[in-house]
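K.L.:
Below: one structure in structure tokens.
Bear in mind these aren't lab numbers, they're just calculated from the coordinates by the rules spelled out. Note that the coordinates shown come from a computational prediction; the quantities given were computed from them, not determined experimentally. Glycine also receives a Cβ, built like all others from the backbone with ideal geometry; neighbour counts cover every protein chain displayed.
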Amino acid sequence: MKELTEIRWHGRGGQGAKTAALLFADAALAQGLYVQAFPEYGPERMGAPVASFDRISSKPILLHSGVINPDIVIVLDPTLIDTVDVKEGIPDGGTIIINTEKSPADIKKELGISGSIKIYTVDASRISKETIGREIPNTPMLGALIKATGILDFNGMVEDTKKKLEKKFKSKPEVIEGNIKAIERAYKEVKS
Amino acid sequence: MAKTNIVARTGNEAMAEAMRQINPDVVAAYPITPATEIVQIFAGYVADGLVDTEFVPVESEHSAMSACIGASAAGGRCMTGTSSQGLALMAEMLYIAAGLRLPIVLADVNRALSSPINIHCDHSDTMMVRDAGWIQIFSENAQEAYDNMVQAVKIAEHAKLPVVVTTDGFIISHGMERIEIIDDAEVKRFVGEYKPENYLLNLDKPITVGALDLQDYYFEHKRQEVEAMKKASAVILEVAGEFSSKFGRSYGLFEKYKLDDADCAIVAMGSTAGTAKVVVDGLRKKGLKAGLLKLRVFRPFPKEEIADVLKNLKAIAVMDRSDSMNAQEGPLCLEVKAAMFDASAKKILLNYIYGLGGREIKLEEIEGIYNDLFEAIKGHAKDKVVYLGVRE
């Protein structure tokens, strides 16, 4: 693992970009890593483009400036790629993971990527509808992120996320089960 | 060593957690971005019965501080939290809290002051009340915010002065990080029980609080207040020493980062100090002798200590995340310059005003400051005051 990995999440207000960044950081912490997770604070409102960020490192993270050159970019809403420059700042060798029904080759063409940036796609919207019953693409994208990058131990992440969800949805076990299934399916179905 | 739990928490969560463990007698607060969560989370602890605190939801920050003053004068351990305009509205009462020598602890999440309206980080709010008679402690990250809150209670009660602990708005208050939380029982043992010397509810020894104090005694009381501030440095160090021996994390009035053999250094407070450490590491790898002085305690200002650790540097840059609007220099720069006046008539000392209203401060910009310093050492003239990252 690189000494410091930086991740940027793109979503729309209400899709859970912030929650995903927090859940991921929590899971990384549980695996003994140092973490930071923070949202971009602007005039956020339901449906408007928002971003959030993670930093993951094996050493204490002293840096407190914004993430400018993320190693990994995750896009929760496929319509964002028309309005937001999701590849902004990604260095060569970086990774973009998009929630879309399209293939990585199509997305590569759409974004005009010719260099060594790796593209992964997964239909997290459909997966979440089929497993959770609602379109909540953030948790399945955690599964896709780990499959695409190997940045955390998958089983450990699932266990930790389960624990976090159990606290939040004590009275709704079906929500917990649906989210875990969504993560597992996205892990299996993500394409490169 | 005491038992700790490693968790991921935002700065606001960390400060609220410290307040839960301290379990103060009274918290009176009014919510304001970005400090709202501290009060909101703590109100949850009250509702869930996790603390014994009397929570007073007031109608303004002026009332919040007024209620804290009343409760503290009555003999209670009192805390509150605010930001920006909220601290501004408290200003009148902050002076009264200090003048009455009440050990109130306030969490201030640093945010710019209007106008223009801005909810993001700079240090203007804390700087506005820098002469109010409160001890001021800045935090680099969520861990320090938590540790400083735990120490602040003890510092306030021993120094008999109120303490404000700050974090950088959003950058720390809303950023989640890995921190170590101390065991509840250990925190309670560390802060101990508050036993005020004189208090209104002590019917055996009635006192007057807030009496008129004209030409005959006002001056003497203010003189005692500043004496308490002078002596607070020793209290802060003593509490830090005890904290370090119990919990392992060391604190001083400031932190020296690769400073002893440095040619040049930045002086900064808050979260930017962490980013500057990354720049120092990078420059050191290139063989450049860069260092950093991170100021933790702005009030009392550690004058002699700072003059001493900066005396051998060839060039210094002070980063100010607020401006004094004095058409001169930022507040931190003026304090550093005043501290060094006797020792360093010819010292290169540059001032960088940065990050106002949450303007991003980049690694490259901090590196640019060090470049300016190294060039200044070689004899190239540099601007004395630079507005970093502003469009002019």
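K.L.:
Sorted from largest down, give the three principal axis spans of the alpha carbons of segment B:263-325, whole angstrom values.
P.N.:
In descending order, the Cα extents are 36, 24, 21 Å.
K.L.:
Another question about this same structure. How charged is the neighbourhood of residue B:227? Take every other residue with its Cβ under 12 Å from the Cβ of residue B:227, and add Lys/Arg as +1 and Asp/Glu as -1.
P.N.:
Taking every other residue near residue B:227 into account, the sum is +4.
K.L.:
Output wanted: per-residue J couplings in Hz (rounded whole) for segment B:317-334, from phi through Karplus 6.51 cos²θ - 1.76 cosθ + 1.60, θ = phi - 60°, x for Gly and Pro.
P.N.:
10, 9, 9, 10, 8, 6, 10, 7, 6, 9, 6, 10, 8, x, x, 5, 4, 4
K.L.:
Related question: Using the alpha carbon gyration tensor of segment B:1-86, what are the three equivalent-ellipsoid semi-axes (square root of 5 times each eigenvalue), largest first, in whole Å?
P.N.:
Ellipsoid semi-axes (Å, largest first): 22, 16, 11.
K.L.:
Hey, another quick one. Among the GluC sites (Glu not before Pro) in segment B:354-384, which ones are in a DSSP loop with at most 14 other Cβ atoms within 10 Å of the Cβ? Mind listing them?
P.N.:
Loop-located and lightly packed - B:360.
K.L.:
Sequence-distant or interchain residues sharing an amide H contact under 5 Å with residue B:54, placed H: which?
P.N.:
B:26, B:27
K.L.:
For residue B:110, what residues show an amide H to amide H distance below 5 Å, using hydrogens built from the backbone and excluding near sequence neighbours?
P.N.:
B:167, B:168, B:169
K.L.:
With springs only between Cα atoms under 10 Å apart, run a GNM on chain A and tell me which of A:45, A:134, A:12 wobbles the most.
P.N.:
Residue with maximal mean-square fluctuation among A:45, A:134, A:12: A:45.
K.L.:
Just to confirm the filter: which GluC sites (Glu not before Pro) across segment B:277-356 are DSSP coil and have at most 14 other Cβ within 10 angstrom of their Cβ?
P.N.:
Answer in residue order: no site qualifies.
K.L.:
Given only helices, namely DSSP H runs of n ≥ 4 each adding -39500 (n - 2.57), what is the per-residue ellipticity at 222 nm of chain B, to the nearest 500 deg cm²/dmol?
P.N.:
-13000 deg cm²/dmol
K.L.:
Measuring from label point to label point, each 7 Å out along Cα→Cβ, what is the residue B:281 to residue A:177 span in nm?
P.N.:
4.6
K.L.:
Could you check which residue among B:208, B:80, B:167 shows the biggest mean-square fluctuation in a GNM of chain B with a 10 Å Cα cutoff?
P.N.:
Maximum among the listed residues: B:208.
K.L.:
Can I ask one more? For segment A:115-192, what's the radius of gyration and Dmax over Cα atoms, in angstrom?
P.N.:
Cα-based Rg and Dmax for segment A:115-192 come out at 12.7, 48 Å.
K.L.:
Further question on the same structure: For a bin width of 10 Å, list the pair-distance distribution of segment A:4-189 built from all Cα-Cα distances, rounded to whole %.
P.N.:
Bins of 10 Å from zero give 10, 40, 38, 12, 1 percent of pairs.
K.L.:
Still on this model: Rounded, prolate or oblate: which fits segment B:204-268, taking a ≥ b ≥ c as square roots of the Cα gyration tensor eigenvalues, rounded meaning a/c under 1.5, else prolate when a/b beats b/c?
P.N.:
Oblate, because a/c is 1.5 or more while a/b does not exceed b/c.
K.L.:
List, in order, the whole-Hz ³J(HN,Hα) value for each residue of segment B:302-308 obtained from phi through the Karplus relation with A = 6.51, B = -1.76, C = 1.60 and θ = phi - 60°; use x for Gly and Pro.
P.N.:
Residue by residue, segment B:302-308 yields x, 4, 5, 4, 5, 4, 5 Hz.
K.L.:
Would you please give the residues with an amide H less than 5 Å from that of residue A:66, counting only those at least 5 places away or on a separate chain, with H modeled from the backbone geometry?
P.N.:
Under 5 Å from the amide H of residue A:66: B:361.
K.L.:
Give the shape of segment B:180-242 as rounded, prolate or oblate, defined through the alpha-carbon gyration tensor: a ≥ b ≥ c are the square roots of its eigenvalues, a/c under 1.5 means rounded, and otherwise the shape is prolate if a/b is larger than b/c and oblate if not.
P.N.:
It comes out oblate by the Cα gyration axes.
K.L.:
Would you please classify the overall shape of the protein assembly as shown from the alpha carbon gyration tensor, given that a ≥ b ≥ c denote the square roots of the eigenvalues, rounded means a/c under 1.5, and beyond that prolate means a/b larger than b/c while oblate covers the rest?
P.N.:
Since a/c reaches 1.5 but b/c is at least a/b, the shape of the protein assembly as shown is classed as oblate.
K.L.:
Something else now. Explain nothing, just compute: Karplus ³J(HN,Hα) = 6.51 cos²θ - 1.76 cosθ + 1.60, θ = phi - 60°, for every residue of segment B:263-277 in order, whole Hz, x for Gly and Pro.
P.N.:
7, 9, 8, 9, 10, 8, 10, x, 5, 4, 4, x, 4, 5, 4
K.L.:
Provide, for q = 0.06 Å⁻¹, the log10 of I(q)/I(0) from a solvent-free Debye sum over equal Cα point scatterers in chain B.
P.N.:
-0.23
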